[in-house]
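A short worksheet on the structure shown next.
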Amino acid sequence: MSDKILILYGSYRSDRQGIRLANYLVNAFAARGASPELIDAKAVNLPMLDRMYKEYPTGQAPAELESLAGKIRTADAFVFVTGEYNWGLQPGLKNLTDHFLEEWFWRPAAIASYSPGRFSGVRAGMAWHGTLSEMGMIVVSSTIAVGAISQALSAESVPTGDGGAALVRAFPRFADDLAWWTEAARAQTARVKPPY
């Protein structure tokens, strides 16, 4: 069975560099036999959170919200690709996730961070760990952190230089960790219904 993995990316900047990492992950997971799909917050273009998906009467949520809810519900796992804004979370990605709650429960998530500098977005990755746990997700211990993003990945998302080589070395463990927890969640869900 091919794991359906949503790769969630949240930058709204006009000169986005992190999209390189998001696309790399889509390609790398596909090469392993998974079924990844990129969910680009800018392309989805949800409004700032006013009403969560669950707060709409059945059948009355905006079409893009309804479509995304279906994708989240049927996904096996998630990868959150995040940049770091002032030591914190990207607002576009946070806004996208906050439109949902129960849809995230009891599924595994992994975090891949990036930045133009040497800290590789790790402070945002740490912040996301707590946020995703509060959203009811199991966050795997393996992470990916890419510094000097424009030198580590080409515009075509091909790894380059030392940073790209480090990414290529880190990816297998990251993917294996996520796959293990994805299978564990699938098996447990088949065995017993989640408590809530």
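Readers should treat all values here as calculations from the given coordinates under stated rules, not as data from a laboratory. Being a predicted model, the structure only gives us computed values, none of them experimental. Ideal geometry is used to build each Cβ from the backbone, glycine not excepted, and the neighbour counts take in all protein chains shown.
A few remarks follow.
- Tilt relative to the chain, helix 122-134 - C-alpha long axis, 0 to 90 degrees, to 10: 10
- With Cα atoms, 0 to 90° folded angle of helix 63-74 axis to the chain main axis: 80
- The alpha-carbon of residue 42 sits under 17 angstrom from the alpha-carbons of these aspartates and glutamates, leaving out residues fewer than 8 places away in its chain: 15, 64, 66, 84, 98.
- The chain: calculated mean residue ellipticity at 222 nm from DSSP helix runs of at least 4, using -39500 (n - 2.57): -13500 deg cm²/dmol
- Largest GNM mean-square fluctuation across 113, 142, 67, computed for the chain with C-alpha springs under 10 Å, falls on 67.
- Separation of alpha-carbon centers, region 77-113 and region 129-196, rounded to whole Å: 12
- DSSP beta bridges in the chain [antiparallel fraction, %, rounded to 5]: 10
- Each Lys and Arg contributes +1 and each Asp and Glu -1, all at the Cβ; summed about the Cα centre of region 70-196, the dipole is approximately 180 debye.
- On Cα atoms only, tilt of 19-31 relative to the major axis of the chain in degrees: 80
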